[in-house]
Amino acid sequence: MPKAPTPQEVKQATRTHRVVIRREKAQRGGKTVVVISQLPTHLSIPELENLLKSARKALGCGGTLHGREMELQGDQPDRVRAWLEDHNFKVSGP
């Protein structure tokens, strides 16, 4: 079984791809999450899981992967945007 790439390898591979972030509150018991969608299709699920793990650690929050969308807990779109831009993504949204 091939080894999943590290977050640094994912960071180098992403270059400048566009992602969309949005805040959602509906159907979550009043809690707010930041959803990152339209992630690059060349990233495999294990690569996305490693990217999510890196984001959770850097932002100090929980999160999950639903399909090809990442959900990060908390109302922190500015921190998520800054983290994504540090990882060479172009970010659209709030």
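Indicate, rounded to the nearest 5 percent, the antiparallel portion of the DSSP beta bridges found entirely in the chain. Intermediate results must be reported in sequence, preceding the final value.
Numbers: 13 of 17 bridges.
Bridges in the chain are about 75 percent antiparallel.
Relative contact order for the chain: what percent, with Cα pairs under 8 Å and sequence separation of 6 or more? Could the numbers behind the result be given before it?
Working: 148 pairs, mean separation 35.2, N = 94.
Taking the mean separation of contacting Cα pairs over the length of the chain, I get 37 percent.
Can you tell me which of Gln27, Gln73, Gln38 moves the most in a GNM of the chain? Springs connect C-alpha atoms under 10 Å apart. With Cα springs under 10 Å in the chain, the top fluctuation among Gln27, Gln73, Gln38 is at Gln27.
Nonpolar atom fraction for the chain, defined as the carbon and sulfur part of the 1.4 Å probe accessible area, stands at 49 percent.
Full extension of the chain segment joining Ala58 with Thr16 gains 13.1 nm, where the gain is 0.36 nm per residue of separation less the Cα-Cα distance.
Over the chain, average the accessible area per residue using a 1.4 Å probe and give it in Å², no decimals. List each step's numbers first, then the result.
Numbers: 5650 Å² over 94 residues.
Using a 1.4 Å probe on heavy atoms only, each residue of the chain averages 60 Å².
Quick check on my link table: of Lys3/Lys53; Lys3/Lys90; Lys3/Lys57, which ones sit more than 25 Å apart, alpha carbon to alpha carbon? It would help to have the intermediate numbers written out before the result.
Working: Lys3/Lys53 16 Å; Lys3/Lys90 27 Å; Lys3/Lys57 21 Å.
Listed pairs above 25 Å: Lys3/Lys90.
The values are calculated or read from the model by the stated rules, or taken from the named source; none is laboratory data. Remember, it's a predicted structure, so these values are computed and weren't measured experimentally. In case anyone asks, the SASA skips ligands and DNA or RNA and just uses the protein heavy atoms, side chains included. Shrake-Rupley method; radii C 1.70, N 1.55, O 1.52, S 1.80 Å.
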